[in-house]
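Enquirer: My questions all concern the structure below.
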Amino acid sequence: MSHHNTIKGNSYSNLTRRLNRYPLGAPPSELLFKILKMLFSEREAELASLLPIKPFTDKKAAELWKLDLKDARNILNDLADRGILLDYENDGNITYTLVPPMAGFFEFSLMRYRSDIDQKTLSELLYQYLNVEEDFIKALFLNGETQLGRVFVNESVLTNENALHVLDYERASEVVKTASHIGVGVCYCRHKMKHVGKNCGAPLDICLTFNSPASSLIRHGIARKIDAAEGLALLDQARDNNLVQFGENARKGVSFICNCCGCCCEALIAARKFGFLNPVHTTNFIPVIAEEKCSGCGKCISSCPIDAMKLVAAGGPLRQGRKKADPDTERCLGCGVCLKVCNSGALKLKSREERVITPVNSVHRIVLMAIERGKLQELLFDNQVLFSHRAMAAVLGVILKLPPAKQILAGRQFRSRCLSALLKNSKL
């Protein structure tokens, strides 16, 4: 259970409030404050609490912090070196973003081996906060319809017929081939679990990042720069190890693809525990069984990362006492790992009846998540200095907390206008 008895007004409480202005925040608890104290000094926590949600410049940070530009730049670079900020270079200009805890500085803290923090202690705290306390995981994966991540189908098991129904953005290989930058780092999930003695034997150096975030992580030594050929080889290695490719829920500019196991990955653990609530977006496929071919060997059951496959009685007078595999299509990710291990050819993929909708890009996804989580006002009125901004934020906050029917009536036109404007003109 979470505990909320921290002293209001201290730097870590201020930082927590700032983190929770973003659609994906971090529920306050004593464990969270212990984690933040390991990653931020008290002064850094206070400075970070003042940063905008949207990208900002070093000049903006210096203004907010009331520091000279040189000092502000030194602090920003140090935070970026530790994966707390991402920095983006564009036409000689640098902008910064304070990343959320996940996908963000929780992962970046363990995506490489480092001695400036006690990674074992940090891992133990993260394990307790994410895997035992669970408030964070529930807030991350169970709020709203639009989720952080989506599953990519295992391309090695696609038939020619299947391939006709797979769009480019649904292929992990296409993300690799079209990325402007590619980085690889240590798998945060298995690294964390290794420190608490619960890791599996799946590869560690296999966590992929792409495009502008990858450029920042590479520049600061958090990820290693690789080319598309090595990236594709790592995808193959992941498939050979029956790992699930789980990436950012966006069609364009995907920033990460994790190669996940069911025992260590928070997203897959959430899918196993809360699958009926759809904590991650599935592929557009589900497996079907050819009963006459299924031997009931159980390999697909043991390989399923979220326990969405079971053995049932095969039935029929000629199959008495025989078993067959039976997928739970309501919970199934459609990853195709089960097909990879089936030696009898009894499994194949078919298209879901209703296509899964993927946001256009990260801006689209973040705005949708903010609307669903009642935090759109935080994005629209990020610099809440003027009274008019505060008043508008309060009004919008009320609208977003109306009962669903009234919220739709009050917000339909406003929502569409905001999405159109933000998608056209903004980068969050």
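Each value in this text was obtained by applying a stated rule to the coordinates, not by laboratory testing. Owing to the predicted nature of the structure, the values given are computational and were not obtained by experimental measurement. Methodologically, a virtual Cβ is constructed for each residue, glycine included, from the backbone with ideal geometry; neighbour enumeration extends over all protein chains shown.
Enquirer: Compute the acute angle (0 to 90°) between the alpha-carbon long axis of helix 387-400 and the principal axis of greatest extent of the alpha-carbon atoms of the chain; round to the nearest 10°.
Expert: Orientation of helix 387-400: about 20 degrees from the principal axis.
Enquirer: Then there is this: Once you put a point 7 Å from the Cα of ASN343 and another 7 Å from the Cα of MET38, both along the Cβ direction, what distance in nm separates them?
Expert: 4.3 nm
Enquirer: As an exercise, use a Förster radius of 35 Å and the Cβ-Cβ distance of ALA163 and ARG322 to find the FRET efficiency, rounded to the nearest 0.05.
Expert: Efficiency, from the Cβ-Cβ distance: 0.60.
Enquirer: Less than 11 Å Cβ to Cβ from SER216, Lys/Arg counted +1 and Asp/Glu -1: what total charge do the surrounding residues give?
Expert: Local net charge: -2.
Enquirer: Taking the Cα centre of the chain as origin and charging only Cβ (+1 Lys, Arg; -1 Asp, Glu), how large is the dipole, in debye to the nearest 20?
Expert: With only Lys, Arg, Asp and Glu charged at Cβ, the dipole is about 800 debye.
Enquirer: Something else now. Work out, step by step, the length gained on full extension between ALA313 and TYR88: first 0.36 nm times the residue separation, then minus their alpha carbon distance; give nm to one decimal.
Expert: Working it through step by step, the gained length comes to 75.4 nm.
Enquirer: With Cβ to Cβ distances under 14 Å as the rule, what net charge do the other residues near TYR22 carry (K, R +1; D, E -1)?
Expert: Result for the neighbourhood of TYR22: +4.
Enquirer: So, counting K/R as plus one and D/E as minus one, what does the shell of residues with Cβ under 10 Å around THR146 add up to?
Expert: 0
Enquirer: Treating only the Cβ atoms of Lys and Arg (+1) and Asp and Glu (-1) as charged, compute the dipole magnitude of region 138-277 about its Cα centre; round to the nearest 20 debye.
Expert: 620 debye
Enquirer: Tilt of helix 30-39 relative to the longest C-alpha principal axis of the chain, in degrees (0 to 90, nearest 10)?
Expert: Helix 30-39 and the main axis of the chain meet at about 70 degrees.
Enquirer: Throw me the Rg/Rh for the chain, computed over C-alpha atoms with Kirkwood Rh, two decimals.
Expert: 0.99
Enquirer: Using r as the Cβ-Cβ distance of ASP118 and SER173, and R0 as 60 Å, what FRET efficiency do you calculate, to the nearest 0.05?
Expert: Rounded to the nearest 0.05, the efficiency is 0.95.
Enquirer: Okay, next question. LYS225: which aspartates and glutamates have alpha carbons under 15 Å from its alpha carbon, excluding same-chain residues fewer than 8 sequence positions away?
Expert: ASP205
Enquirer: When only Cα pairs under 8 Å and 6 or more residues apart are kept, what is the percent relative contact order across the chain?
Expert: Value for the chain: 15 percent.
Enquirer: What residue among PRO23, MET193, ALA80 has its Cα farthest toward the positive end of the dipole of the chain, where the charges are +1 on Lys, Arg and -1 on Asp, Glu, each on the Cβ?
Expert: The listed residue farthest towards the positive side: PRO23.
Enquirer: Among 280-288, 112-120, 209-217, 295-303, what's the highest-first ranking by average C-beta atoms within 10 angstrom per residue?
Expert: 209-217, 280-288, 295-303, 112-120
Enquirer: Just to confirm the number: angle between the C-alpha axis of helix 362-372 and the first principal axis of the chain, 0 to 90 degrees, nearest 10?
Expert: 90 degrees
Enquirer: Then there's this: What pairs from LYS194/LYS273; LYS34/LYS138; LYS310/LYS350; LYS138/LYS192; LYS194/LYS350; LYS70/LYS192 go past 25 Å between their alpha carbons?
Expert: Too far apart for the 25 Å limit: LYS194/LYS350; LYS70/LYS192.
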